[in-house]
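Here is the structure we will look at.
The values are calculated or read from the model by the stated rules, or taken from the named source; none is laboratory data. Worth saying up front: this structure is predicted, and the values here are computed from it rather than measured. For neighbour counting, all protein chains shown are included, and Cβ atoms are generated from backbone atoms with ideal geometry for every residue, glycine included.
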Amino acid sequence: MTMSEGDLAVTQIAFVRKTQIAPQPPPARMTGAIGWLRANLFSSPFNVALTIIIALILAWVIPALVNFLIVDAVWTGVDRDACREVVQNREIGACWPFVWERLPYFIYGS
């Protein structure tokens with residue numbers, strides 16, 4: 001029985017490792033916050049586009065909400081005049097005295 005050249009080539013490149021290689025840490029860009037961002041927000045072109053669109057929407061909405069809820073809000077008052085633009089002579093945001101007065105109604109309903 002003779003060996004062909006193909007059989008000879010297969011037997012010559014056979015290799016069995018005698019010692020194990022020490023485990024390596026994962027690449028830095030695949031772990032931690034950067035790894036999470038890459039895996040969840042930037043894993044495909046669709047996810048990249050969606051992430052950018054949502055970031056732009058949040059950049060547009062959050063300043064307006066902060067302005068309404070905190071900056072232009074009325075924090076103290078005893079009657080409805082505290083939350084009227086005509087009386088305050090300024091733009092009025094959220095009327096927190098009303099919210100605190102009606103909070104049980106907002107929570108439990110009628």
Unmet criterion (only one of (1) at pLDDT 85 or above; (2) surrounded by 11 or more Cβ atoms within 10 Å (Cβ to Cβ)) for Val87: (1)
Those residues of the range 29-57 which are within 30 Å of Trp96 (Cα to Cα) and surrounded by fewer than 11 Cβ atoms within 10 Å (Cβ to Cβ), in sequence order: Leu56, Ile57
Unmet requirement for Arg38, which otherwise passes all of (1) charged (D, E, K, R); (2) over 23 Å from the mean Cα position of the chain (by Cα); (3) modelled with pLDDT of 85 or more: (2)
Residue count, the range 90-110 (criterion: loosely packed, with under 12 Cβ neighbours inside 10 Å, in a helix (DSSP H, G or I) and either charged (D, E, K, R) or touching a residue at least 60 places away in the same chain (Cβ under 8 Å) (or both)): 1
Where Leu69 falls short, out of the listed (1) closer than 30 Å to Val99 by Cα; (2) free of Cβ contacts under 8 Å to residues at least 24 places away in the same chain: (2)
Val78, sole failed condition from (1) surrounded by 10 or more Cβ atoms within 10 Å (Cβ to Cβ); (2) part of a loop (DSSP other than H, G, I, E, B): (1)
Some residue of the range 65-73 being within 15 Å of the chain's Cα centre (by Cα) and on the phi < 0 side of the Ramachandran plot: no
Qualifying positions in the range 81-110 - within 18 Å of Asn67 (Cα to Cα) and basic (Lys, Arg): Arg84, Arg90
